[in-house]
Amino acid sequence: MPYRLKLLLLIIGILLAAPAMAEQRTIKVGVYANEPKIMLSQDGQLSGIFGDLLREIAQREAWQLQPVTCEWQQCLELTRSGQIDLMPDVAWNEERAQFLDFHELPALFSWSQIYTQQDRQLNSLLDLNGLRIAVLAGSVQETYLRTLLDSFGLHAEILTMQDFQQGFELVASGNADAVVANQRFGDYNTDRFGLRSTPIIFQPARLFFATRKNHNDQLLSTING
């Protein structure tokens, strides 16, 4: 093939590829330790149920996903300020809807559950009276649990934690009597920490992708499909 023809074909290939390259968008995605729903793989890529779903969308839309690791409350604040473009695994509530936008259909359903040491029997909400209970700071579980305990006239010491792993460690070490976690994280990690699930469940939750209020509508529209 003549040199000029090779050069012409190369130039055409570059020109055809340029629009696709120009359309690629970098999306900053919040990641906190909540396996198996959202986590980082060993090679630093988004993983878990939400992570795998988002990677599929990114491949289709030519998005470049940039994980931003943070603790839960920090993740929400970074999303609120726009430093995170997209936050997975967010339960909708009226307070968050004041500063976040959510996609339309829930990506996942879950509920909260109490976990404790193997040798402790907790069978009902009344058994939580007087206990030390670890709960994720700034979570819907914290707000709901405080209200629930008050409504039954129960008194418990609420220990706020920065991530679920810290809460499970507190119970495993005897520095807390019970921990609240979403069912997926709890069942995924009970054997690892030597804990057990209890029949105390509450607060079914719808989980969404969220963005800063009145920003990134295109991201949510794309996820809505």
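The values are calculated or read from the model by the stated rules, or taken from the named source; none is laboratory data. In this text, all values refer to a predicted model and were calculated from it rather than measured experimentally. When we count neighbours, we look across all protein chains shown, and the Cβ atoms used for this are built from the backbone with ideal geometry, even at glycine. What goes into the accessible areas is simple: the full protein's heavy atoms, side chains included, and nothing from ligands, DNA or RNA. Shrake-Rupley method; radii C 1.70, N 1.55, O 1.52, S 1.80 Å.
For region 92-168, the relative contact order works out to 30 percent when only alpha carbon pairs closer than 8 Å and six or more residues apart are counted. Span-like helix criteria (full DSSP H runs; alpha carbon extent of at least 27 Å along the helix axis; mean Kyte-Doolittle hydropathy of at least -1.0) are satisfied in the chain by 3-23. Largest accessible area first, the listed residues Lys37, Lys28 line up as Lys28, Lys37 when surface is computed with a 1.4 Å probe on the assembled protein chains. If you take all other residues with their beta carbon under 10 Å from the beta carbon of Gln165, and give Lys and Arg +1 and Asp and Glu -1, the sum is -2. Of all alpha-carbon pairs in region 163-221, indicate the percentage at a distance above 17 angstrom. That fraction is 51 percent.
Provide the gained length on full extension for the span Asn93 to Glu61, in nm with one decimal, where the gain is 0.36 nm per separating residue minus the Cα-Cα distance. Walk me through the numbers before you get to the answer.
Numbers: separation 32, 0.36 × 32 = 11.52 nm, distance 2.90 nm.
Using 0.36 nm per residue and subtracting the Cα-Cα distance, I get 8.6 nm.
How many Å³ per residue does the convex hull of the Cα positions in region 25-91 occupy?
Details: hull volume 5.4 nm³, N = 67.
Looking at region 25-91, the number lands at 80 Å³ per residue.
With N set to the residue count of the chain, report its C-alpha Rg divided by 2.2 N^0.38 Å to two decimal places. Ratio of Rg to 2.2 N^0.38 Å for the chain: 1.28. Under 16 Å from a label point set 7 Å out along the Cα-to-Cβ vector of Leu148, the amide N atoms of region 188-205 belong to 197-205.
Pairs of C-alpha atoms in region 41-151 farther apart than 18 Å represent 63 percent of all such pairs. For the chain, what % of the accessible area comes from carbon and sulfur atoms, probe 1.4 Å? It is 50 percent, rounded to a whole number.
Based on alpha-carbon atoms only, what is the radius of gyration of region 132-202 relative to the globular estimate 2.2 N^0.38 Å?
Details: Rg = 11.5 Å, N = 71, 2.2 N^0.38 = 11.1 Å.
Rg over 2.2 N^0.38 Å, computed on Cα atoms: 1.04.
Think of the chain as having a plus end and a minus end, set by charges on the Cβ of Lys, Arg, Asp and Glu; of Gly130, Leu220, Gln118, Leu220 sits farthest toward the positive end of this dipole.
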